[in-house]
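Student: After the structure tokens below, expect a handful of questions from me.
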Amino acid sequence: MKIHNRLIMTFGATLLLVSCGQKKQSSNGALSSSAAEKVYVAPGEQDEYYAFLSGGYSGNLTVYGLPSGRMFKEIPVFSQFPTSGYGYSEETKPMLNTSHGFVPWDDAHHPDISQTNGELDGRWIFINGNNTPRIARINLSTFETEEIIEVPNSAGNHSSSFITENTEYVVAGTRFSVPIPQRDMPINEYKSNFKGSLSFISVDPEHGHMDLKFQLLMPGFNYDLSHPGRGKSHGWFFFTTYNTEEAHTLQEVNASQNDKDFIAAVNWKKIEEYVNNGGGTKMPANYAHNLYDEGSHTATTTMKKEVLTVDPLKVPGAVYFLPTPKSPHGCDVDPTGQYIIGNGKLSADLTVHSFDKMIAAIEGEKFDGEAYGIPILKFEDVLAGQVKSGGLGPLHTEFDGKGNAYTTFFISSEVVKWKLGTWEVIDRKPTYYSVGHLMIPGGNSRKPFGKYVVAMNKITKDRYLPTGPEMEHSAQIYDISGDKMELIYDFPTHGEPHYAAGIPAEILAPKSQKIYRLDENEHPYAVKTSTDSKVVRDGNEVHIYMSTIRSHFTPDNIEGIKVGDKVYFHITNHEQDFDVPHGFAMIGQNTSELLIMPGQTKTSVWEPKKVGVWPFYCTDFCSALHQEMQGYVRVSPA
Ligand code: CUK
Ligand code: CUA
């Protein structure tokens with residue numbers, strides 16, 4: 001969250017007090033019994049939607065059901081996760097490699113589900129790591145992170161990871177401009193020397209594999225958020241910017257001088273054509289590409305050495321600037337692709353640009369000067385309308401597919417519903433408290449499912465029983481099927497959710513009951529039958545080829561291990577039933593346990609420090625004889 005601190009202090013504090021007062025008068029979203037019926041999913045019944053909430057500084061993605069608000073799963077992405085052994089097992093450790101080394105943490109903000117023809121297809125979900133710039137791809141048939149690509153020449157990978165309407169590209173924009181290439185130079189020489197980068201990462205339609213196709217090098221602004229064009233504006237991508245002053249310190253004096261910053265409109269189809277015809281300049285760059293192979297259940301890291309950069313001035317007609325007031329944050333495009341909404345976070349009004357007017361202005365060459373050679377369009381020429389919201393601090397907008405938009409206001413702590421085209425405000429409802437993003441399933445596509453909106457709030461305060469000085473963040477579900485929004489549920493979230501993505505269960509659930517077939521397991525240390533289990537010594541490395549099935553490990557008595565050995569437990573789960581993992585944990589292990597899915601092989605390393613006979617056991621309660629799933633390793637002196 002980055003909102004003007006002083007505004008939070010003044011407006012925010014006042015509003016919080018007001019809101020708390022409201023609660024006592026029971027208007028604080030006091031729920032009707034019909035609200036209870038709307039969110040009640042009876043035992044044994046299932047939710048209508050999946051909601052994937054980013055985990056912010058947890059580095060993960062959490063999966064909830066709508067409308068129940070029940071949490072189904074936490075998917076580790078940019079973190080080590082003891083629950084499954086992700087980032088600890090030998091197979092998954094490479095996922096967290098970067099050019100800065102092993103980085104088992106990040107700040108995950110914006111998930112986006114893959115699309116075909118502008119509609120959710122539920123194949124993959126992408127999410128950005130802000131801090132050490134990365135984009136991850138999660139397979140939605142396994143709910144596992146399969147690929148992470150580092151983004152070079154970027155810092156604070158925030159206007160990411162949004163996808164084009166046929167998942168041609170996942171796009172990543174830098175928040176901070178930096179020296180490109182990085183070098184030792186005075187910070188106060190930022191202006192004109194630092195640059196921003198907008199990266200277009202192609203996605204292979206069959207397997208989803210990512211490849212950094214080209215990187216557009218832009219003036220040294222901050223690139224905050226982005227959204228793809230869709231429908232009529234397919235082929236374009238829009239990025240909000242702030243600090244177009246190019247101040248090297250963003251103390252308020254410097255940062256918000258300009259009355260208007262820009263939305264950068266990028267014609268990526270044009271640049272793609274330029275690049276396909278041999279355009280662009282190869283630049284040395286060092287970045288990691290980590291890919292998990294489903295056959296071998298193993299990830300590998302490839303270090304990339306160069307990136308294709310594009311100078312926008314070499315591709316006439318590729319980039320234009322649309323003046324947008326008051327440090328716009330969210331950049332949202334409606335389902336028809338006609339309207340581009342800039343949420344000026346220091347203002348009350350929303351600015352809506354028209355794609356048709358933008359094209360007409362470009363064709364009429366009606367420019368209002370330029371910035372670093374990039375034409376600036378006239379504000380009046382591209383403006384479709386302004387929403388006089390009456391709120392303060394607009395951040396993000398989503399759409400219901402019925403001609404309405406819903407915008408969050410951080411400072412005035414509310415969601416405002418308004419009409420596209422007439423710009424009139426239809427309804428407003430408070431949030432508890434200080435909302436950031438909101439999400440309608442499919443709300444970032446050509447086909448939203450406008451039944452619920454989920455508001456993700458930054459401040460929790462009194463919504464739940466207190467848990468010490470820190471409360472989990474809070475989300476709220478509103479029924480938006482009628483003219484007026486109705487608050488129907490609160491639920492706590494994990495980490496700090498920024499954006500979320502939702503999808504109907506009927507699209508996703510049929511694909512997501514996956515079992516890995518044992519006969520397709522290509523892991524080099526897999527054992528297909530328990531009689532193939534063995535212990536192989538190679539110098540001071542010992543490889544234990546182990547199998548597991550309810551309710552034993554084979555082998556379960558291991559001797560001949562010495563202090564100073566490096567012991568690899570390669571464990572293959574021979575189950576072929578849905579949802580029957582086995583666990584494995586060894587005493588004194590400084591990594592974590594493993595959770596091995598049916599048909600999978602996972603590896604854990606143990607370096608015994610003490611002589612003795614040491615037990616191991618299964619950590620997942622798997623059968624009536626789960627407590628019998630155990631074994632011993634005898635460790636002798638070196
Ligand atoms: S940001 Cu967090 S509320 Cu990263 Cu999309 Cu606006
Ligand atoms: Cu296997 Cu418990």
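Student: Please report, in cubic angstrom per residue, the volume enclosed by the convex hull of the alpha-carbon atoms of segment 252-353.
Tutor: Dividing the Cα hull volume of segment 252-353 by its residues yields 221 Å³.
Student: Then there is this: What ³J(HN,Hα) values, in whole Hz, does the Karplus curve 6.51 cos²θ - 1.76 cosθ + 1.60 give for segment 181-187 when θ = phi - 60°, with x put for Gly and Pro?
Tutor: Working through the residues one at a time gives x, 4, 7, 7, 8, x, 5 Hz.
Student: Something else about it: P(r) for the chain, please, calculated from all Cα pair distances in 10 Å bins and given in %.
Tutor: Answer for the chain: a P(r) of 3, 16, 25, 24, 17, 10, 5, 1, 0 percent.
Student: So, one more: Can you sort Ser79, Ser34 by 1.4 Å-probe accessible area, starting with the largest?
Tutor: Largest accessible area first, the residues go Ser34, Ser79.
Student: Near Lys232, which aspartates and glutamates are there with a Cα under 17 Å away, not counting those fewer than 8 places off in the same chain?
Tutor: Excluding near neighbours in sequence, the set is Glu119, Glu165, Glu168, Asp332, Asp334, Asp356, Glu363.
Student: Return the long-range amide H neighbours of Asp368 (sequence gap of 5 or more, or a different chain), with a cut-off of under 5 Å between placed amide H atoms.
Tutor: Ile376, Leu377, Lys378
Student: Here's another thing I want to ask about it. Name the residue farthest towards the positive end of the dipole of the chain from the options His100, Leu383, Thr601, assuming +1 on Cβ of Lys and Arg, -1 on Cβ of Asp and Glu, about the Cα centre.
Tutor: So the residue we want is Leu383.
Student: Starting from the alpha-carbon convex hull of segment 207-293, give the projected area averaged over all orientations, in nm².
Tutor: Answer in nm², one decimal: 8.9.
Student: Give the relative contact order (percent, whole number) for segment 518-636; include only Cα pairs under 8 Å separated by 6+ residues.
Tutor: 28 percent
Student: Evaluate the distance, in nm, between pseudo-label points positioned 7 Å from the Cα of Glu189 and of Thr300 along their respective Cα→Cβ axes.
Tutor: 4.2 nm
Student: A further question follows. Take peptides 141-153, 368-380, 318-330, 558-570 and line them up by average Cβ neighbours within 10 Å, highest first, as a rough protection proxy.
Tutor: Packing proxy ranking, top to bottom: 318-330, 141-153, 558-570, 368-380.
Student: Hey, which lysines would be in cross-link range of Lys314, C-alpha to C-alpha under 23 Å, not counting anything within fewer than 8 residues on its own chain?
Tutor: Lys191, Lys195, Lys213, Lys269, Lys270, Lys282, Lys366, Lys378
Student: 222 nm [θ] for the chain, helices only, -39500 (n - 2.57) per DSSP H run of 4+, per residue, to 500?
Tutor: Calculated from helices alone, the mean residue ellipticity at 222 nm is -2000 deg cm²/dmol.
Student: In a solvent-free Debye calculation with one equal scatterer on each Cα, what is log10 I(q)/I(0) for segment 114-208 at q = 0.20 Å⁻¹, listed in the order of the q values?
Tutor: The Debye formula, applied to the Cα set alone, gives -0.90.
Student: Okay, next question. Based on the Cβ-Cβ distance of Asp259 and Tyr372, what FRET efficiency does E = 1/(1 + (r/R0)^6) give at R0 = 25 Å, to the nearest 0.05?
Tutor: With a Förster radius of 25 Å, E is 0.80.
Student: Starting from 0.36 nm per residue, how many nanometres of slack lie between Lys388 and Lys73 once their C-alpha separation is accounted for?
Tutor: Net length gain for the segment: 109.4 nm.
Student: Expressed in whole Å with the largest first, what are the equivalent ellipsoid semi-axes of segment 518-636 derived from the C-alpha gyration tensor as the square root of 5 times each eigenvalue?
Tutor: 23, 16, 12
Student: Taking all protein chains as present, what is the carbon and sulfur share of the accessible area of the chain, in % to the nearest whole number, probe 1.4 Å?
Tutor: 52 percent
Student: For segment 134-148 and segment 335-414, what is the centre-to-centre distance using only Cα atoms, to the nearest Å?
Tutor: 32 Å
Student: Please list 433-439, 464-470, 97-103 highest first by mean number of surrounding beta-carbon atoms within 10 Å per residue.
Tutor: Highest-to-lowest ranking by the protection proxy: 433-439, 97-103, 464-470.
Student: So for each of 614-625, 385-396, 233-244 I average, over its residues, the number of other beta carbons within 10 Å; can you give me the resulting order with the highest mean first?
Tutor: 233-244, 385-396, 614-625
Student: Next question, about the same structure. I need the trypsin sites (Lys or Arg not before Pro) found in segment 165-244, filtered to DSSP loop residues with at most 16 other beta carbons within 10 Å of theirs.
Tutor: Arg183, Lys191
The values are calculated or read from the model by the stated rules, or taken from the named source; none is laboratory data. Values in this document were obtained by computation on a predicted structure and should not be read as measured data. Heads up, the Cβs are rebuilt from the backbone with ideal geometry, glycines too, and the neighbour counts pull from every protein chain shown. SASA here: full protein model, heavy atoms, side chains in, ligands and nucleic acids out. Shrake-Rupley method; radii C 1.70, N 1.55, O 1.52, S 1.80 Å.
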